[in-house]
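Here the structure is laid out as structure tokens; the discussion comes afterwards.
Quick note: the coordinates plus some simple rules give every number you see, no bench work behind them. The structure displayed is predicted, hence computed values, not measured ones. No Cβ is skipped: glycine too gets one built from the backbone with ideal geometry, and neighbour counts run over all protein chains shown.
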Amino acid sequence: MTACYRCASIILCLHFAASLSFCDNSDLISQLRKLPEVHSVTSTPIKTKPKQTIIHLLNWHFVSKADFAADVSDSSDGKLSEAEIEKRYLEFLNDVEAIQKEQKQTLRYLIKHHKVQSVHMEGLTEKNLSAFNSFIKTLREFEVPDGDGALDLFLREQYRRDCLQMGAAAQLKISNELNSVLPLENGEAFEKANPIRKDGKIQIDKSAEEKREDEMVKILVKGDGICVIVLGGGHKLTDNLKRMKLDSVLYFRVSGRKYERVMKGRE
């Protein structure tokens, strides 16, 4: 199923010790449901014992102000003022930050109790991985100012936005809580599915998005055991798994409380 352009994904492959490789899926679902930041867990039933489990944490991610402005302007009945766009964008950033805070709590649970080692992230390819890691290093080494002068306030806000753009998993790598963030994307499929046209407007190619998601699934099923994906809520891999005849893969979606509130506010 295709996704809206904002719904970025971060795919996390859990590397378990041998004793945890065959973790009871019902226990894992129950554990996730008990986390205070989790709103709901829904699963797609399969007829056989799963050889692999994909856990999908629903995500809502950062976009630049320019892309945000183009999107809200296209969907608005009338022309929006710059002040109104700025107001809406700041609200959007607050929502993204709150959702990422919940994601980090869930990921910390998985790191502690299920030995998460790495994260595969949407938008990340072999081609841009080096630049991505360099930026993580820059953010880790940056000394965030604590003053209240104009420059300090500007630098703090820019650092905040940079971290939001990188996402929850990258933030845990910056703080040395996660070992690595790895590419999820097939570079060619990712480029072909890019919905942002040269004029800044959004035009989703459903066929290209399906092929892109197929490539994501191909990357995930190279492993075994449990994979956790932090992926935009507009994505749903059920169709891809069915079409690819991956009947032994159990797939379920985890929705955070803040994510649910944000989505309801958009209805």
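Identify all lysines with a Cα-Cα distance to LYS47 below 19 Å; exclude those on the same chain that are fewer than 8 residues away in sequence. Those lysines meeting the cut-off are LYS242, LYS245. Among the listed pairs LYS65/LYS198; LYS198/LYS264; LYS192/LYS218; LYS112/LYS222; LYS51/LYS258; LYS51/LYS218, a Cα-Cα separation exceeding 22 Å is found for LYS198/LYS264; LYS112/LYS222; LYS51/LYS258. When only the Cβ of Lys, Arg, Asp and Glu is charged (+1, +1, -1, -1), the dipole of the chain relative to its Cα centre reaches about 980 debye. If you sort the three axes of the alpha carbon gyration tensor as a ≥ b ≥ c, you get a/c of 1.5 or more for the chain and a/b above b/c, which makes it prolate. Whole-Hz Karplus values for the stretch 218-226 come out as 4, 5, 5, 7, 5, x, 9, x, 10 Hz, taken residue by residue from phi with 6.51 cos²θ - 1.76 cosθ + 1.60 and θ = phi - 60°; glycine and proline positions read x.
Ranking PHE68, LEU129, HIS113 by Cα position along the charge dipole of the chain, where only Lys, Arg, Asp and Glu carry charges on their C-beta atoms, puts HIS113 farthest toward the positive end. Which whole-angstrom value gives the distance between the alpha carbon centres of the stretch 126-142 and the stretch 60-124? A separation of 20 Å, based on Cα centres. Computed over the stretch 116-242, the alpha-carbon pair-distance distribution with 10 angstrom bins reads 11, 34, 33, 17, 5, 0, each value a whole percent. Across the stretch 10-265, the relative contact order, built from alpha-carbon pairs under 8 Å that are at least six residues apart, equals 45 percent. Considering only beta bridges that DSSP places wholly inside the chain, some 45 percent are antiparallel.
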